[in-house]
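Contents: one structure, followed by commentary.
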Amino acid sequence: MALEDADYCFRYVDVGCKGRRSDGGVFKNTKLYKKLEEKSLKIPPPSILQVPYAIKIPYVILADKAFSLSDYTMKPFKGEPARGSQKRIFNYRLSRGRRVVENAFGILSSVFRVLRKPMLLEPKTATKIVLTTIHLHNYLRKKSNTRSLYTPPGSLDSETDGKLRPGTWRNEPAPTSLLPMPCIPRRVGNYAKEIRSHLAHHFVTNGEIPWQNRY
């Protein structure tokens, strides 16, 4: 499991859990989860998203449906909301933001080919290899003299007026080593639902983008 930033760098990784374990068994047993629950991370305080509504919205992690909705984790609305609805647009904007995650994993596995299939190694050795590739990925992305070599133009997804140009990493066959986490229904608090509703409203008002109704 990993957490990425907007520059395609990995900010937190947890390596070594058993395959196909649920999100509750992975995320809820990480140090990141404990610190989020304890509010001990240096995350900026909630801020007003739009005027004139003086509603403070916390900074959140963009997650997929396998995770629980919370005051620090946003996930899509269930089902297939009607086109043009707030829920449909929220799901599109969430998916659009999460392309960074897809691209980070895509570039990582397309360059470091050892990650493309299961490793027939001792777990400790496999963990070291995965963490090494993560460190190398971040190093190459952060250094100005290596960034363009590691991720040359066209390698990452790009977007112009809502038209997506897939990155070249998507031409690779899907790796067999990256497994999706199963989705397990969980009870959600009202505050988390309110945050998601406020964000959904923002995306159809002050935060609207011209092409979002196409999706």
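The values are calculated or read from the model by the stated rules, or taken from the named source; none is laboratory data. Quick caveat: nothing in here was measured; it's all calculated off a predicted structure. When we count neighbours, we look across all protein chains shown, and the Cβ atoms used for this are built from the backbone with ideal geometry, even at glycine.
Which one of the conditions (1) farther than 22 Å from Leu36 by Cα; (2) in contact with a strand residue (DSSP E or B) (Cβ under 7 Å, 6 or more places away or on another chain) does Val60 fail to meet, given that it meets all the rest?
So Val60 meets the others, but not (1).
With the condition kept exactly as written, say whether any residue in region 79-101 is surrounded by fewer than 19 Cβ atoms within 10 Å (Cβ to Cβ), modelled with pLDDT under 95, under 21 Å from Glu4 (Cβ atoms) and under 13 Å from the mean Cα position of the chain (by Cα).
No, region 79-101 contains no residue that is surrounded by fewer than 19 Cβ atoms within 10 Å (Cβ to Cβ), modelled with pLDDT under 95, under 21 Å from Glu4 (Cβ atoms) and under 13 Å from the mean Cα position of the chain (by Cα).
Of all the residues that make up region 137-153, how many are touching a residue at least 40 places away in the same chain (Cβ under 8 Å) and not in a loop (DSSP other than H, G, I, E, B)?
Residues flagged as touching a residue at least 40 places away in the same chain (Cβ under 8 Å) and not in a loop (DSSP other than H, G, I, E, B) within region 137-153 amount to 5.
So Ala126 clears everything in (1) crowded, with 16+ Cβ neighbours inside 10 Å; (2) over 20 Å from the mean Cα position of the chain (by Cα); (3) outside any helix (DSSP H, G or I) except one condition, right? Which one?
(3)
Inspect all residues belonging to region 131-139 and state whether any of them is hydroxyl-bearing (Ser, Thr, Tyr) and at pLDDT below 95.
no
Considering each residue of region 26-76, count those that are polar (S, T, N, Q), touching a residue at least 60 places away in the same chain (Cβ under 8 Å) and closer than 23 Å to Glu208 by Cβ, and give that number.
1
For Ile134, work out the one condition from (1) in a helix (DSSP H, G or I); (2) without any contact (Cβ under 8 Å) to a residue 24 or more places away in the chain it doesn't fulfil.
(2)
Would you call Thr133 more than 22 Å from Asp7 (Cα to Cα) and under 22 Å from the mean Cα position of the chain (by Cα)?
The answer is no for Thr133.
Is it true that Val130 is in contact with a His (Cβ under 8 Å, 6 or more places away or on another chain) and among the aliphatic types (A, V, I, L, M)?
Considered against the rule, which asks whether it is in contact with a His (Cβ under 8 Å, 6 or more places away or on another chain) and among the aliphatic types (A, V, I, L, M), Val130 comes out as no.
Take the conditions free of Cβ contacts under 8 Å to residues at least 12 places away in the same chain, among the hydrophobic types (A, V, I, L, M, F, W, C) and surrounded by fewer than 17 Cβ atoms within 10 Å (Cβ to Cβ) and apply them to Ala2. Does it pass?
no
Yes/no per residue for (1) touching a strand residue (DSSP E or B) at 6+ places or on another chain (Cβ under 8 Å); (2) of a type in the set (Lys, Arg):
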{"position": "Met119", "(1), (2)": "no, no"}
{"position": "Lys128", "(1), (2)": "no, yes"}
{"position": "Glu159", "(1), (2)": "yes, no"}
{"position": "Arg165", "(1), (2)": "yes, yes"}
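Which of the residues belonging to region 14-38 are at pLDDT 90 or above and closer than 14 Å to Ile61 by Cβ?
Result: Asp14, Thr30, Leu32, Tyr33, Lys35, Leu36, Glu37.
What is the number of the single condition among (1) surrounded by 14 or more Cβ atoms within 10 Å (Cβ to Cβ); (2) modelled with pLDDT of 95 or more; (3) within 21 Å of the chain's Cα centre (by Cα) that Lys142 does not meet?
Among (1) surrounded by 14 or more Cβ atoms within 10 Å (Cβ to Cβ); (2) modelled with pLDDT of 95 or more; (3) within 21 Å of the chain's Cα centre (by Cα), Lys142 violates only (1).
Determine whether Val111 is of a type in the set (Val, Ile, Thr) and touching a Ser or Thr at 6+ places or on another chain (Cβ under 9 Å).
yes
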